[in-house]
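Remarks on the structure that follows.
The values are calculated or read from the model by the stated rules, or taken from the named source; none is laboratory data. This one's a predicted model, so the numbers in the text were calculated from it and none came from an experiment. Note that we place each Cβ from the backbone using ideal geometry, even for glycine, and neighbour counts take in every protein chain shown.
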Amino acid sequence: MNPKVEFLFDFGSPNAYLAHRVIPQVEQRAGVSFAYVPVLLGGIFKLTNNRSPVETLAGIRNKPDYIQRETERFIRRHGVTGFRPNPFFPVITLMLMRGAVAAEIDGTLAAYVRAGFHHMWEEPKKMDDPAVFRQALASSGIDADRIIARAGEADVKARLVELTGRAVARGAFGAPTFFVGDEMFYGKDQLRDVEEEILAQQKRVA
């Protein structure tokens, strides 16, 4: 029996995108499927009194360069191609994440995730511009008008608030965050530990 494995993501995080690109490798090796859980990163920051790296790294010498170097190593190690920094970063992702919740409820989350990450980090756009948002989704075969309409409905708004609050209650303070059962891991570089924990939990129930 496989443990429940969850990936808490926000499209605004480049590290969540990079984790998303590597997750299929882990799934194949470990024989599991990750459950994608949309959360609002800005909401998590507010609830935990955390701040984005754009703020925390401002004015610090050497550390931003080192983090960039670590990102380059991650990309090379996992053979990630096509990643491009978003020139409009940071992008307000409220509409994007409400759209993810709407897609989750409607059973189309996987296609929406591919489109969202694509237009944020492969062909990057200003996805908090409503016109850009609609056109980008439509170009990926997503029913953009339906997503936009659903994103404004009460059940979708409440669901995103619920998922974000639940993430914080479980210990999350940023994204990407992973849960293997009740064990939490933060950051794309923890995927190796995530995989080890999956295998360990599989052995315990074998």
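Exactly one of these conditions fails for ARG134: (1) over 26 Å from LEU47 (Cα atoms); (2) touching a residue at least 40 places away in the same chain (Cβ under 8 Å); (3) of a type outside the set (Gly, Ala, Ser). Give me its number.
Among (1) over 26 Å from LEU47 (Cα atoms); (2) touching a residue at least 40 places away in the same chain (Cβ under 8 Å); (3) of a type outside the set (Gly, Ala, Ser), the lone unmet condition for ARG134 is (2).
Among the helices (runs of 4 or more DSSP H) confined wholly to the range 5-103, which include 1 or more residues that are surrounded by fewer than 15 Cβ atoms within 10 Å (Cβ to Cβ) and at pLDDT 95 or above? Write out each step before concluding.
On the way: elements: 14-30, 41-48, 53-56, 63-78.
Because the criterion is at least 1 residues that are surrounded by fewer than 15 Cβ atoms within 10 Å (Cβ to Cβ) and at pLDDT 95 or above, the helices (runs of 4 or more DSSP H) in the range 5-103 that meet it are 14-30, 41-48, 63-78.
Do the conditions hold for ALA111, that is, is it surrounded by 20 or more Cβ atoms within 10 Å (Cβ to Cβ), modelled with pLDDT of 95 or more and in a helix (DSSP H, G or I)?
no
So ASN2 fits all but one of (1) surrounded by fewer than 17 Cβ atoms within 10 Å (Cβ to Cβ); (2) at pLDDT 95 or above; what number is the exception?
If we test ASN2 against (1) surrounded by fewer than 17 Cβ atoms within 10 Å (Cβ to Cβ); (2) at pLDDT 95 or above, just (2) comes out false.
Quick one: how many residues across the range 162-200 are in a helix (DSSP H, G or I), hydrophobic (A, V, I, L, M, F, W, C) and closer than 14 Å to GLY42 by Cα? Break it down stepwise before answering.
Filtering the range 162-200 for residues in a helix (DSSP H, G or I) gives 162-169, 188-200.
Next cut, hydrophobic (A, V, I, L, M, F, W, C) only: 163, 167-169, 191, 194, 198-200.
Now narrow it down to the ones that are closer than 14 Å to GLY42 by Cα: 163, 167-168.
Within the range 162-200, residues that are in a helix (DSSP H, G or I), hydrophobic (A, V, I, L, M, F, W, C) and closer than 14 Å to GLY42 by Cα number 3.
Condition first: among the acidic types (Asp, Glu) and either surrounded by 19 or more Cβ atoms within 10 Å (Cβ to Cβ) or under 24 Å from ARG76 (Cβ atoms) (or both). Now tell me which residues in the range 177-206 satisfy that.
ASP189, ASP193, GLU195, GLU196, GLU197
Here are GLY152, GLY174: which of them is loosely packed, with under 15 Cβ neighbours inside 10 Å and not charged (D, E, K, R)?
Numbers: GLY174 fails: loosely packed, with under 15 Cβ neighbours inside 10 Å.
Being loosely packed, with under 15 Cβ neighbours inside 10 Å and not charged (D, E, K, R) holds for just one of GLY152, GLY174, which is GLY152.
With respect to the numbered conditions (1) in contact (Cβ under 8 Å) with a residue 12 or more places away in the chain; (2) surrounded by fewer than 21 Cβ atoms within 10 Å (Cβ to Cβ); (3) closer than 20 Å to ARG98 by Cα; (4) of a type outside the set (A, V, I, L, M), which one is the sole condition not fulfilled by ARG166?
Against the list (1) in contact (Cβ under 8 Å) with a residue 12 or more places away in the chain; (2) surrounded by fewer than 21 Cβ atoms within 10 Å (Cβ to Cβ); (3) closer than 20 Å to ARG98 by Cα; (4) of a type outside the set (A, V, I, L, M), ARG166 comes up short only on (1).
Out of all the residues in the range 114-124, which are touching a residue at least 24 places away in the same chain (Cβ under 8 Å) and crowded, with 18+ Cβ neighbours inside 10 Å?
Listed by number, the residues that qualify are ALA115, GLY116, PHE117, MET120, TRP121, PRO124.
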